[in-house]
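J.: Before I ask anything, here is the structure I am working with.
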Amino acid sequence: MTDSLAPALPRPADPASTIDGLDAWRSKTAAQQPAWQDPEVHASSVKELSSLPPLVFAGEVDVLRERLAAAAQGKAFLLQGGDCAETFDGATADKISARVRTILQMAVVLTYGASLPVIKMGRMAGQFAKPRSSNDETRDGLTLPAYRGDMVNGYDFSPESRGHDASRMVKAYHTSASTLNLIRAFTQGGFADLRLVHHWNKGFTANPAHSRYESLAREIDRAVRFMDACGTDFDALKRVEFFASHEALLLDYERALTRIDSRTSLPYDTSAHFLWIGERTRDIDGAHVEFLSRVRNPIGVKLGPSTSADDALALIDKLDPDREPGRLTFITRMGARNIREKLPQLVERVTASGAQVLWVTDPMHGNTLTSPNGYKTRNFDDVIDEVQGFFEVHKALGTFPGGVHVEMTGDDVAECLGGADPIDQDAFAERYESVCDPRLNHMQSLEMAFLVAGALAKI
Ligand code: PEP
Ligand code: MN
């Protein structure tokens, strides 16, 4: 009797075919994969990862897809930011909270400028693997494997440290879990109170170097006080949604964390809410595109200046065959010099095809240079110029510039040149901390938010 009252369970999809699809990438070329030194450690690490709990839940991933769909339709704006490469040592409470806090501060300014919800997403809790343009690095006549992120090898320049150690994937999982735990505590536990975040922003405008942003800051202040006077329930604004993302580079890791969701019987890569494919691994016939075409998560693809409109259309066909809003984000990283010339043809052809992707600008990776004193850096003005070019192109074509993707930190580092309170190259020797690409520091990040908010207010 009781059996007949039991709710009918959804019929799972044919598990065999789903799993086959998830492993189709194995017969394709996977660029940028490590050469693991010990096959036994590799096998046991992958096995362990396969049995560990998911880092995110499928339901959260579905919520993010809805939020990104709104952004693709011009009804929300994406802010995605964090380190170029997270490190195990850098996963401290202070550094994580400073980064989350800076992203929340930026988001308040952008929300005001856009008069739209801002989707907050960290390049955090999983951004541990890096593609490299060269396999090796030579110092003083000694050649060793290049650093590929803490998930693969160590930054120290010694043969022991630079070997590819698969057990690091397990450590990356645990470091991601503790990072995500802290992010969830901060964003769900009252840390994100709008009035508090607004109060932090006052510190930025108190700096005389930032006086040009005072009027916008005053407007935000008045808006917050207006909300208060109207009886806004600020307690309800203490919790914010915050999503985790990283480049899906190591396919062993991503595959091991991919699970079939019991509600929908569909595969989700539970290593993060959002995963992107890098500029070096977006080959349409390659393993990365194949693997990510099979999971339900929203997917991003970085598009550099060599991307043709045909490349973009082929990626849409493969990654978003159903033209599902929120599924696909194109993160363009053209460089300030190229964006006004290269972006229009991509946007035009994609729009004409009927696809509705989310367009996001990464104004960092096309603007990297070496400073005269030998550091990898970027000019703040180039970064802002690329964002401006991105807005101009979309305005001219009547499409929506849906977000920014930045390498940033909440700390007072000196890695990018310029800003209103300028960083110059002499500061690098003392305050350059990144093990990979240069990040905007706390103040430069806020300054960018004020500038982008001004541009958003005009669209
Ligand atoms: C990155 O985001 O750190 C990166 C390597 O970017 P891209 O793939 O665009 O070069
Ligand atoms: Mn980078």
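The values are calculated or read from the model by the stated rules, or taken from the named source; none is laboratory data. Just so you know, these numbers come straight off a predicted model, no measurement behind them. Cβ sites come from the backbone with ideal geometry, for glycine too, and all protein chains shown count toward neighbours. Surface areas here come from the heavy atoms of the whole protein model, side chains and all, with no ligands, DNA or RNA. Shrake-Rupley method; radii C 1.70, N 1.55, O 1.52, S 1.80 Å.
J.: Name every cysteine in the chain that ends up alone, with no second cysteine's Cβ under 4.7 Å, or say none.
T.: 230, 416
J.: Select from 379, 242, 182 the residue farthest towards the positive end of the dipole of the chain; place +1 on Cβ of Lys and Arg, -1 on Cβ of Asp and Glu, and compute about the Cα centre.
T.: Sorting the options by dipole projection puts first 242.
J.: Looking at the square roots a ≥ b ≥ c of the eigenvalues of the Cα gyration tensor of the range 312-355, which shape do they give, rounded for a/c under 1.5, prolate if a/b is larger than b/c, or oblate?
T.: prolate
J.: A further question follows. Using the Cα gyration tensor of the range 245-373, with a ≥ b ≥ c the square roots of its eigenvalues, what is the shape: rounded (a/c below 1.5), prolate (a/b larger than b/c) or oblate (neither)? Write down the numbers at each step before the final one.
T.: Values: a/c = 2.33, a/b = 1.40, b/c = 1.66.
The shape class here is oblate.
J.: Rounded, prolate or oblate, given the Cα gyration tensor of the chain, with a/c below 1.5 counting as rounded? Intermediate results must be reported in sequence, preceding the final value.
T.: Working: a/c = 1.41, a/b = 1.15, b/c = 1.22.
Taking the square roots of the gyration eigenvalues as a ≥ b ≥ c, the chain is rounded.
J.: Protein chains only, probe 1.4 Å: how do 306, 167 rank by accessible area, largest first?
T.: Highest to lowest solvent-accessible surface, that is 306, 167.
J.: Could you tally the net charge around residue 413, taking each other residue with its Cβ under 10 Å from the Cβ of residue 413, Lys/Arg +1 and Asp/Glu -1?
T.: -3
J.: Within the accessible area of the chain, what % is carbon and sulfur when the probe is 1.4 Å and the other protein chains stay in place?
T.: Carbon plus sulfur share of accessible area: 51 percent.
J.: Ok, one more. Give me, ordered by chain and number, the residues 5 or more places off residue 364 or on other chains with an amide H under 5 Å from its own placed amide H.
T.: none
J.: Right, next: Contact order normalised by length for the chain, with contacts defined as Cα pairs under 8 Å and 6 or more residues apart; what percent is it? Don't jump to the answer; show the numbers that get you there.
T.: On the way: 858 pairs, mean separation 98.0, N = 459.
Rounded, it is 21 percent for the chain.
J.: Now for a different question. In deg cm²/dmol, rounded to 500, what helix-only [θ] at 222 nm does the chain give when every DSSP H run of at least 4 residues adds -39500 (n - 2.57) and the total is split over its residues?
T.: Helix-only estimate at 222 nm: -13000 deg cm²/dmol.
J.: Accessible area per residue for the chain in Å², computed with a 1.4 Å probe and the full protein assembly in place, what is it?
T.: 42
J.: Please list, in chain and number order, the residues 5+ apart from residue 275 or on another chain whose amide H is under 5 Å from its amide H, with Hs placed from the backbone.
T.: 300
J.: Normalised by the residues of the range 284-381, what does the relative contact order come to in percent, with Cα pairs under 8 Å and at least six apart? Could you put the intermediate results ahead of the total?
T.: Numbers: 124 pairs, mean separation 26.7, N = 98.
27 percent.
J.: How much of residue 220 can a 1.4 Å solvent probe reach, expressed as accessible area in Å² and rounded to 10?
T.: 10
J.: Continuing with the same structure: Given H placed 1.01 Å from N in the peptide plane, which residues other than close sequence neighbours of residue 406 have an amide H under 5 Å from its amide H?
T.: 80, 81, 82
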